[in-house]
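None of the figures in this text is laboratory data; all of them are computed from the coordinates on show. This one's a predicted model, so the numbers in the text were calculated from it and none came from an experiment. Methodologically, a virtual Cβ is constructed for each residue, glycine included, from the backbone with ideal geometry; neighbour enumeration extends over all protein chains shown.
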Amino acid sequence: MKMVVAIVRPEKYQDVKDALKAKGITGMTFTHVTGRGKQAGVKFTNRVGEFVVDEIEKVKIEIAVEDDHVPCVIDTVCKAAKTGRSGDGWIFIVPIDEAVRISTYEAPESSGGGSSAEAPHGEEEP
């Protein structure tokens with residue numbers, strides 16, 4: 001399994017979400033974040049003067065998928081999030097060593113965790 005982490009413009013995250021849903025990918029986490037990259041901020045000028053906002057708002061999208069779904073997710077995110085301007089974002093691919101569903105202690109076979117995880121000592125399994 002892999003975790004696909006995409007950092008996109010806030011105005012594009014709904015497009016990304018809808019595009020992924022259209023491909024059958026519905027499990028994802030969205031987090032509103034701030035940061036900076038090559039853009040190094042945005043400069044504003046008004047009657048009072050000039051100021052720079054050096055932390056840019058973005059949305060981080062995290063999607064856990066099977067390895068063979070990664071190319072589709074990358075393609076879908078790129079097509080939905082791209083504006084062609086600096087600051088469109090990044091996609092990072094991170095390996096998932098293991099995953100465990102909290103409600104059932106089940107771990108998908110592909111996560112390396114087998115079919116179920118053992119309940120902690122002193123606790124009953126659900």
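Given the Cα-Cα distance of Thr31 and Ala99 and 0.36 nm per residue of separation, how much length would full extension add, in nm?
That pair, Thr31 and Ala99, stretches by 22.5 nm at full extension.
On alpha carbon coordinates alone, what is the Rg over Rh value for the stretch 9-112, Rh being the Kirkwood radius?
My calculation of the ratio gives 1.09.
Around His32, under 14 Å between beta carbons, what's the net of Lys plus Arg minus Asp minus Glu among the other residues?
Local charge sum for His32: +1.
Using r as the Cβ-Cβ distance of Ile74 and Phe51, and R0 as 35 Å, what FRET efficiency do you calculate, to the nearest 0.05?
0.45
Net charge within 13 Å of Pro95 by Cβ-Cβ distance, Lys/Arg positive one each and Asp/Glu negative one each, not counting Pro95 itself?
Values: positive: Lys2; negative: Glu66, Asp67, Asp97, Glu98.
Its environment carries a net charge of -3.
Where Lys and Arg each count +1 and Asp and Glu each count -1, what net charge lies around Asp54 among other residues with Cβ under 11 Å from its Cβ?
Net of charged neighbours comes to +1.
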